[in-house]
1. Among 270, 138, 33, 89, what is the fewest-to-most ranking by other Cβ atoms within 10 Å?
2. Which of 163, 205, 138 sits farthest toward the positive end of the charge dipole of region 132-216, with +1 on the Cβ of Lys and Arg and -1 on the Cβ of Asp and Glu?
3. Could you list 256, 109, 119 in order of exposure, starting from the residue whose Cβ has the fewest other Cβ atoms within 10 Å?
4. Looking at region 1-107 from every direction and averaging, what is the projected area of its Cα convex hull in nm²?
5. Can you list the HN-Hα couplings for region 151-156, worked out from phi with the Karplus curve (6.51, -1.76, 1.60; θ = phi - 60°), rounded to whole Hz and with x for Gly and Pro?
6. Give me the net charge for the shell around residue 59: Cβ to Cβ below 15 angstrom, other residues only, Lys and Arg +1, Asp and Glu -1.
7. Helix 134-144 versus the longest principal axis of the chain: what is the Cα-based angle in degrees, 0 to 90, to the nearest 10?
8. Once Rh for the chain is found with the Kirkwood sum over Cα pairs, what is the Stokes-Einstein diffusion coefficient at 4 °C and 1.567 mPa s, in µm²/s?
Amino acid sequence: MVFQKVVVGFKIFRHGDRTPIKPYPKDPYMDPSYWPLGYGQLTKRGIYHQFVQGSWVGQRYAHLLPKDRNYNRKAIRVQSTDVDRTLMSAEAHLAGLFPLTDEEKWGGINWQPVPIHTIPETLDKVVAMKYPCKKYLSEQKKFLSSDEYKAIMKKFESLGNFLIKYAGGPFNTLDYFEYLYSTLQIEKNNNLTLPEWTNGVYPDQLLAPAGLSFATPTWTPGMKRLRGGPLVKEVMVNMEEKIAGKLNPPSQNISIYSAHDTTVAAFLNSLDMFNFLPPPFASMVLLELRKTAQNDYAVVVLYKNSTDPTVDPHILTVPGCFDACPIKDMEALIQPIIPGDWDSECHQHEFFDLTSDQPYNSVAIFAIFTSTLIVFLALATISVYCSKQSSHTYQKLNVGSL
């Protein structure tokens, strides 16, 4: 196929370098003085990497942006999870994406602010993927208690017991390995000397179970559909709307999602394209809608699998398709993981479940109230009718006795 330029692009990236989320139980660097920014915060290195990466994106997709990469709100939309490090990463990325020309500079400000959209994580089903879904939790629970998952845990039991001895526990899921891998990586990146016990396990022995832990949230087809499915669906729907000229606004050419390693992994694994390795800081998935010379459209998926912002991405092949997958073929291939009505699927058969995370609470309460009222009115009507009948019978009896 001979392609024209990219028509629209989507970027899903992990935030830049951060401080540890929290120290492990026997961590020699648990004193907060080692982490003056606080836990889970974007570092200067992380800011720099995202800034340079934003510049790289701007150069690659300059033809999708206004002239001289001037900012225009109608050309781009940015969505971030509601977390400090992802919001700051988006800001740094956008600062590199939209450099100011001398004509644009005013008031000594050398930075172009750009709107970043976000919602609380517990309401975010697309990027943070943390909106409560009871069916997903049921699917997850079933998988975690399956023989398959138990066999995986058994495989790493010896390593887990070793880590419990020296790092502390508990060791309940594969997430334990990812948590330790990430923490040790950050400490080493910050020039802290790792304990001697880590020499034989970090990074090599921890790499495989840490990578597997990122795949487990989207292990089964049902888990893929309910976890990664909403983001995949949003991207594909926006592509179709762009082709049909219905995207709002029509001039929107770039969509950016500033998120986490869990987001990157869930998106790729839902498409069966994950490499089972922990997504590095600032790693990025790029989806390009390309137009052929014959006016057909194809999707190219690329993965920038490196913290180094200057490293070129490599193409990922959609299973069952080509490097440049015709959009209709891709839609057919991924249909099983695309939820129709996500809310209904998440809470089917639970209409009267009045737990706090049930989105249909108000409807359920209204239904219960209405049903109760109908029964009450029916009983009242029967009672009044019976009362009148009794009165009428009594009157007849009295008349008959006169």
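Bear in mind that the values in this text are calculations on the coordinates, not laboratory data. Remember, predicted model here, so these are calculated numbers, not experimental data. Positions of Cβ are backbone-derived with ideal geometry, glycine not excepted, and every protein chain shown enters the neighbour counts.
1. 33, 138, 270, 89
2. So the residue we want is 138.
3. 109, 119, 256
4. 10.4 nm²
5. Each residue of region 151-156 in turn: 5, 5, 5, 4, 4, 9 Hz.
6. Summing Lys/Arg as +1 and Asp/Glu as -1 gives +3.
7. The angle comes out at about 60 degrees.
8. Estimated diffusion coefficient is 53 µm²/s.
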